[in-house]
Amino acid sequence: QVQLVESGGGLVHAGGSLRLSCVASRRISAYDIMAWYRQAPGKQRELVATITSGGSRNYADSVNGRFSISRDNARNSMDLQMDSLKPEDTAVYYCKGDRVVNVEGAKVTHWGQGTQVTVSS
């Protein structure tokens, strides 16, 4: 069974930085698109950033300019560098991988178990 495992979460003061990693149990290059999501208490899970197999990146407006997503096929890892953290960035962060399996666009999706990020004011 394919697994995605996040690490790197923790407690940091506002203005600080953290780097999250998502390691896959299969070739990460097999995923057509990978993403980081987050879910704060009492809120819906929201998309933070995406990266395609070709390296195209997109960010939520709330993190654009502060966060940077990357993927390293050699390390089988996808990372999220988070700088200038704010208390409102506090959430559980999840990684996700999507692989398109047919011409109709059907996908196989894998999620990680999440890692807690807490930003104190």
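The values are calculated or read from the model by the stated rules, or taken from the named source; none is laboratory data. No experiment lies behind these values; they were computed from the predicted model shown. Don't worry about glycine lacking a Cβ; one is built from the backbone with ideal geometry, like all the others, and counts go over all protein chains shown. The area values use the complete protein model at the heavy-atom level, side chains included, leaving out ligands, DNA and RNA. Shrake-Rupley method; radii C 1.70, N 1.55, O 1.52, S 1.80 Å.
For residues that are closer than 11 Å to Y93 by Cβ and assigned to a strand (DSSP E or B), scanning just the stretch 36-70, find the one that is most open to solvent (accessible area, probe 1.4 Å).
The residue in question is E46.
If you check every pair at least six apart or on different chains, which have Cβ atoms under 6 Å apart with a residue in the stretch 49-65 that is in contact (Cβ under 8 Å) with a residue 24 or more places away in the chain first and a residue that is in a loop (DSSP other than H, G, I, E, B) second?
Hits for this filter: S53/D32.
Restricting attention to the stretch 82-108, and to residues there that are at pLDDT 95 or above and exposed (fewer than 13 other Cβ atoms within 10 Å of the Cβ), which single residue is nearest to the chain's Cα centre (by Cα)?
E88
Within the stretch 17-35, which residues are among the hydroxyl-bearing types (S, T, Y), surrounded by fewer than 14 Cβ atoms within 10 Å (Cβ to Cβ) and under 16 Å from L4 (Cβ atoms)?
Across the stretch 17-35, the qualifying residues are S25, S29.
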